[in-house]
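The values are calculated or read from the model by the stated rules, or taken from the named source; none is laboratory data. Everything numeric here is computed off the predicted structure, so don't read it as measured data. With ideal geometry, Cβ positions are generated from the backbone for all residues, glycine too; neighbour counts draw on all protein chains shown.
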Amino acid sequence: MLDQIKKDLLATPLSSVVHSYIFYGDPYVFSSQPAAHEMMLNRLSEHLGATTNNISVVGSAKTGFSVNPDAFPRSFPSTPTLMFLS
């Protein structure tokens, strides 16, 4: 995915790249277990009182690498800390 993002950054407006890779699509951290993502969303939704559409995985857990300019493209760690936005 990183190679594709690099290509897109050179050929596509930044807003489109951010929209496609940062805000939408399946999170990297759940790429091998999509059902776990759905279960996590449902549990957080129940506990937070938020709809699943209002809960997002962010950071390197979403993309598989750091998007921080000082750390780009450091890989997603094998023992991650997950962050969620609601």
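Take region 6-36 and flag every residue that is in a helix (DSSP H, G or I), within 22 Å of Asn54 (Cβ to Cβ) and either aliphatic (A, V, I, L, M) or touching a Ser or Thr at 6+ places or on another chain (Cβ under 9 Å) (or both).
Across region 6-36, the qualifying residues are Val18, Ser20, Tyr21, Ile22, Phe23, Tyr28, Val29, Ala35, Ala36.
Here's a check for you: in region 37-58, which residue that is within 26 Å of Leu2 (Cα to Cα) and either more than 16 Å from the chain's Cα centre (by Cα) or assigned to a loop (DSSP other than H, G, I, E, B) (or both) is modelled with the lowest pLDDT?
Val58
Could you list, in sequence order, the residues of region 3-30 that are under 13 Å from the mean Cα position of the chain (by Cα) and either exposed (fewer than 15 other Cβ atoms within 10 Å of the Cβ) or without any contact (Cβ under 8 Å) to a residue 12 or more places away in the chain (or both)?
Those that are under 13 Å from the mean Cα position of the chain (by Cα) and either exposed (fewer than 15 other Cβ atoms within 10 Å of the Cβ) or without any contact (Cβ under 8 Å) to a residue 12 or more places away in the chain (or both): Val18, His19, Ser20, Phe23, Tyr24, Gly25, Asp26.
Does Ala61 satisfy the condition of being in a helix (DSSP H, G or I) and modelled with pLDDT under 90?
Answer is yes for this residue.
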